[in-house]
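Each remark here refers to the structure printed beneath this line.
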Amino acid sequence: MNGDPLFTLGSRVGFLDVRAYLEARGWRRVPSSRSYAAIYRSIQAPPMEVQVPLDRDLADYAEAMVVIARRVAEHEGRSAESVLHDLLQPHRDLLRFGLEGDTTRDGGVSLADGLDLVNGVRKALLASACSVRKPRAFHPRMGLAEADAFVRQCRLGQTEVGSFVLTVETPLDIGLQPTLGGEPFGRQTAALLLQSVAYLAGSVRAGEPQRVLEPAKGAPVLSANLCEALVEMMPSDESADLRLRGSWSPLLPLRPGVVSEVHVDRKMYESIERVAHQLRPLHESQPDQFVGTVVELMGGPGDRGEVEGTVVLQVQVDDELLKARVTLGAVDYRKAARAHLEQRYVTVRGILRRGPRVHWVEQSSGFELVGGPPTTAS
Amino acid sequence: MLGPNDIKEQLSLAYIHAVASRAGCSVEKVGVDRDSIDLKLCARGQFVDDAALTSPELAVQLKATARASLTEDTLSFVLSKKNYDDLVAHSLVPRILVVFVMPEDEAQWFTLTPESLILRRCAYWHSLRGEPRTANGTAQTVHLSRQRLFTHDTLRELLMKVAREEALES
């Protein structure tokens, strides 16, 4: 055995999982007279054959697994490494979110873009989980217990060679409710996510993004939350496309028609952002009172030489903590600075306008500190 | 410049390539020595009508020697303990030892004229599969039958056996 990472992975792969994987993908087992080997042939072209070792004590067990992974990879048009990772996680579906562009070609990504990708992926999973139970254009809270349990049981998998790829291992089932013959909640969520993004990308590509606002019969109901999550995944350098891939657990047959790969071109993001805005309900545009803390002061000297401008508040909206910008005049800006220094709460009235990355409190009024001694205008 | 041992190794590889080519097989070099395997000999497609395996492979540990210990029937060769134990181990792809015997006189190893290209002497093959692991500390002597020449015909026979899932020794 040598230190080749592929062989290290190969040594950990279980032969029962390999058999299940091949059988789930239509490979046909042919008779073998050896008790320690199974022979499988692909039904689809090109014709291909693999030998599966059925004894972990075989000296070339790891090597045999790598050979299988290479042939399956060639058959499925992907890397042997990703096949081996799938074989190591047979009880989970794997979702891969790849950023493919100039700056990610070496397999790395800036910390900021990486964080945006992780946050976007988390929101997309949550939105999709909510849509499994309640298909709707907007999930105001995304607080369903099942959705929350699903996301909590997701794991980040190992990164893979190539463009920057975030691998998320999703549970098949989340154990809150028994699966009575139907498809487990986890699989439904992962499949719906890919199906929704494929429908969205297809509509944009066809020049008909409006199609997702009133989806045809059988098409997924897209949520604003999912669209916003996709936009959040977009890297800042504007050179990278997003590619989603699903690798499905061999332990659970894949229902026909499930999408396994979607390519979201960088040029689609503007349309997706517009769709997200249109999917949000109109009643969100009503004024509301917000309470929160000042987390960032971004102002500068105004016409009269006094500091004024934008501050960032962290406010509670339903059960979400949102960072929202609000533009203040010099007097309110001083209050905000004081609240920031004294770590006090502030309140403001306005219309919350959500965005994929930045939220705003517009038409703001009544900016005040909460509690403590009264503030003065000077 | 290559030393004598490197030259022996390269000439033994040339021998294997020549035999495999004549047998219609490919030679796959194993990049890093894995479990004492130097290369794999592979046939592609339906190699024989009654085959269970369509693309049989044979893993080879290749040695070369110019100081062979030969009797009329056998060639004795000293293998390191690691090489020996790796070759007796049970494996999915059958493993054989191939020993290329060369003349002692270095000038005779390889000659080239307008009429001929001569790589003198030949190689023998042996399967150690299923033999007990050695109790020796560092090395084990292996006795190869001089009947088992490693030629293009024997290579094809060996690969046919692999394709039929038969034991190589039978």
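The values are calculated or read from the model by the stated rules, or taken from the named source; none is laboratory data. Just so you know, these numbers come straight off a predicted model, no measurement behind them. Glycine gets a Cβ as well: all are built from the backbone with ideal geometry, and neighbour counts include every protein chain shown. Protein only, heavy atoms only, side chains kept; ligands, DNA and RNA dropped before computing areas. Shrake-Rupley method; radii C 1.70, N 1.55, O 1.52, S 1.80 Å.
Taken together, the criteria exclude A:P90 from residues that are open to solvent by 70 Å² or more (accessible area, probe 1.4 Å) and farther than 28 Å from B:G45 by Cβ.
Rundown of residues vs (1) away from every other protein chain (no Cβ under 14 Å); (2) in a strand (DSSP E or B); (3) over 21 Å from B:I16 (Cα atoms); (4) within 13 Å of the chain's Cα centre (by Cα), yes/no style:
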| position | (1), (2), (3), (4) |
| --- | --- |
| B:R121 | yes, no, no, no |
| B:L128 | no, no, no, yes |
| B:N136 | yes, no, yes, no |
| B:T154 | yes, no, no, yes |
| B:K161 | no, no, no, no |
| B:E165 | no, no, yes, no |
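Scan B:E57, B:E104, B:E28 and give me the residue that is in contact with a Cys (Cβ under 9 Å, 6 or more places away or on another chain) and without any contact (Cβ under 8 Å) to a residue 60 or more places away in the chain.
Details: B:E57 fails: without any contact (Cβ under 8 Å) to a residue 60 or more places away in the chain; B:E104 fails: in contact with a Cys (Cβ under 9 Å, 6 or more places away or on another chain).
Checking each option against the conditions leaves just B:E28.
Tell me, yes or no, whether the range B:143-150 has at least one residue that is touching a strand residue (DSSP E or B) at 6+ places or on another chain (Cβ under 8 Å), under 30 Å from A:V52 (Cβ atoms), modelled with pLDDT of 95 or more and open to solvent by less than 50 Å² (accessible area, probe 1.4 Å). Yes, the range B:143-150 contains at least one residue that is touching a strand residue (DSSP E or B) at 6+ places or on another chain (Cβ under 8 Å), under 30 Å from A:V52 (Cβ atoms), modelled with pLDDT of 95 or more and open to solvent by less than 50 Å² (accessible area, probe 1.4 Å). Taken together, the residues in the range A:307-325 that are touching a residue at least 24 places away in the same chain (Cβ under 8 Å) and touching an Asp or Glu at 6+ places or on another chain (Cβ under 9 Å) amount to 6.
Which one of B:S55, B:S21 is open to solvent by 10 Å² or more (accessible area, probe 1.4 Å), of a type in the set (G, A, S) and more than 10 Å from chain A (Cβ to nearest Cβ)?
On the way: B:S55 fails: more than 10 Å from chain A (Cβ to nearest Cβ).
From the options B:S55, B:S21, the qualifying one is B:S21.
Kindly check whether there is at least one residue in the range A:109-118 that is open to solvent by less than 60 Å² (accessible area, probe 1.4 Å), within 14 Å of chain B (Cβ to nearest Cβ), outside any helix (DSSP H, G or I) and in contact (Cβ under 8 Å) with a residue 24 or more places away in the chain. No. Just one of (1) away from chain B (no Cβ under 14 Å); (2) crowded, with 21+ Cβ neighbours inside 10 Å fails for A:A62. It is (1). Listed by first and then second residue, the pairs linking a residue in the range A:196-217 that is farther than 18 Å from A:S260 by Cβ to a residue that is hydroxyl-bearing (S, T, Y) and surrounded by 15 or more Cβ atoms within 10 Å (Cβ to Cβ), with Cβ atoms under 6 Å apart and 6 or more places separating them unless they lie on different chains, are A:V204/A:S271; A:P209/A:S203; A:P209/A:S271; A:R211/A:S203; A:V212/A:S203. In the range A:239-271, how many residues are loosely packed, with under 14 Cβ neighbours inside 10 Å and small (G, A, S)? Of the residues in that region, 1 qualify. A single member of B:A14, B:A59 is at pLDDT 95 or above, under 18 Å from the mean Cα position of the chain (by Cα), among the small types (G, A, S) and under 18 Å from B:E169 (Cα atoms), and it is B:A59. Screening A:R136 against (1) modelled with pLDDT of 95 or more; (2) open to solvent by 60 Å² or more (accessible area, probe 1.4 Å) leaves a single unmet condition, (1).
Screening A:E183 with (1) at pLDDT 90 or above; (2) under 26 Å from A:P256 (Cα atoms) gives one miss only, at (1).
Listed by first and then second residue, the pairs with beta-carbon distance under 6 Å, at least 6 apart or on different chains, first residue in the range B:142-164 and over 18 Å from B:V93 (Cα atoms) and among the hydroxyl-bearing types (S, T, Y), second part of a helix (DSSP H, G or I) and at pLDDT below 95, form an empty list. Within the range A:26-53, restricting attention to residues that are among the hydroxyl-bearing types (S, T, Y) and more than 9 Å from chain B (Cβ to nearest Cβ), the residue that is surrounded by the most Cβ atoms within 10 Å (Cβ to Cβ) is A:Y40. Taking residues in the range A:255-270 that are on the phi > 0 side of the Ramachandran plot, and partners anywhere that are crowded, with 16+ Cβ neighbours inside 10 Å, the pairs with Cβ atoms closer than 9 Å and at least 6 places apart or on different chains are A:G257/A:Q195. Taking the numbered list (1) outside any strand (DSSP E or B); (2) touching a helix residue (DSSP H, G or I) at 6+ places or on another chain (Cβ under 7 Å); (3) within 16 Å of B:Y124 (Cα to Cα) in turn, B:V48 passes all entries but (3).
Can you pull out the residues in the range A:59-94 that are outside any helix (DSSP H, G or I) and over 16 Å from A:D17 (Cβ atoms)? Explain how you work it out, then say what you get.
So in the range A:59-94, the residues outside any helix (DSSP H, G or I) come out as A:59-60, A:77-79, A:89-94.
Passing the criteria: A:A59, A:D60, A:G77, A:R78, A:S79.
The combined condition, being of a type in the set (A, V, I, L, M, F, W, C), more than 14 Å from every other protein chain (Cβ to nearest Cβ) and under 23 Å from A:L242 (Cα atoms), is not fulfilled by A:L87. If you go through the range B:29-39 and keep only what is open to solvent by 10 Å² or more (accessible area, probe 1.4 Å) and either at pLDDT 95 or above or in a loop (DSSP other than H, G, I, E, B) (or both), you end up with just B:D35.
You will find that of A:R122, A:R155, A:R141, the residue that is surrounded by fewer than 21 Cβ atoms within 10 Å (Cβ to Cβ), over 11 Å from the mean Cα position of the chain (by Cα) and modelled with pLDDT of 90 or more is A:R155 and no other.
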